[in-house]
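The values are calculated or read from the model by the stated rules, or taken from the named source; none is laboratory data. Note that this is a predicted model, so its numbers are computed, not measured. We place every Cβ from the backbone using ideal geometry, glycine too, and count neighbours over all the protein chains shown. Protein only, heavy atoms only, side chains kept; ligands, DNA and RNA dropped before computing areas. Shrake-Rupley method; radii C 1.70, N 1.55, O 1.52, S 1.80 Å.
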Amino acid sequence: AEAKQFYDAMYKMYTDGVFKTGTDDMDLVAGGYVTQEQLAGYADGSQELLLSMGAARDAFYADYPEVFYVDFSKLSLRVTMTASGSYQAYLGTGRSDTYYLDGFQSGAEVDAAVTAFEEKIKKLADGAEALSVSDGKSLVEAQAKYVHDQVAQGTVYRLEDSCAQGNAGHIATAYGALVKGESLCEGYARAV
């Protein structure tokens, strides 16, 4: 339940466009995502909140490959105490300047990348929807094979040290596979 609260906060950051800023925080107390009791436990040394945040971060990353511009390992929990003795908690950059994935520096770059990514997705979806089958295979099977083949044929397997300059941060993402055309196996999987 605690991890779901963090997951929900991340989902709100995504749907409200907060992630696209690369720097804005989510106020976890004001949003009702954490309680004063949970924060007091954290302040007393309990690792429960951090473990829950980590589980939520991993699950969110797996569920939303279209949020390819965020480096979820840079997303941090920051807890402070106010002068009145209550706690505040924020999900944001922590000690990093941004939580952007390496290769992104601004919201404008992210917006352009998202547009290019969505165009590639639409092209793939349109191609899959235009298929017809006559060889006894199901349409779903033919569509899955089409998407697989398009991603496999349109992407070159690369490592960080062998990709084009500026692509190293993208090679484990769906964006790297679909838009940049270079990817590790993780990027292929996230793209499909």
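A few remarks follow.
- Using C-alpha pairs under 8 Å with a sequence gap of at least 6, the mean separation divided by the residue count of the chain gives a relative contact order of 18 percent.
- Accessible carbon and sulfur surface of the stretch 107-188 relative to its total accessible area, %, 1.4 Å: 54
- Based on the convex hull around the alpha carbon atoms, the chain presents an average projected area of 13.1 nm².
- Over the residues of the chain, the helix contribution to mean residue ellipticity at 222 nm works out to -14500 deg cm²/dmol, using -39500 (n - 2.57) for each DSSP H run of at least 4.
- Reachable lysines, given that their alpha-carbon falls under 29 Å from the alpha-carbon of Lys4 and they are not under 8 places away in the same chain: Lys12, Lys20, Lys74
- Probe 1.4 Å, accessible area per residue of the chain, Å²: 54
- Within the chain, longest stretch clear of exposed trypsin sites (Lys or Arg not before Pro) (DSSP loop, no more than 14 other Cβ within 10 Å): 1-94
- Of the DSSP H helices in the chain, those with a Cα length along their own long axis of 15 Å or more and a mean Kyte-Doolittle hydropathy reaching 0.0 comprise 48-63.
- For GluC sites (Glu not before Pro), the sites in the stretch 127-192 that DSSP calls loop and that have at most 15 other Cβ atoms within 10 Å are Glu160.
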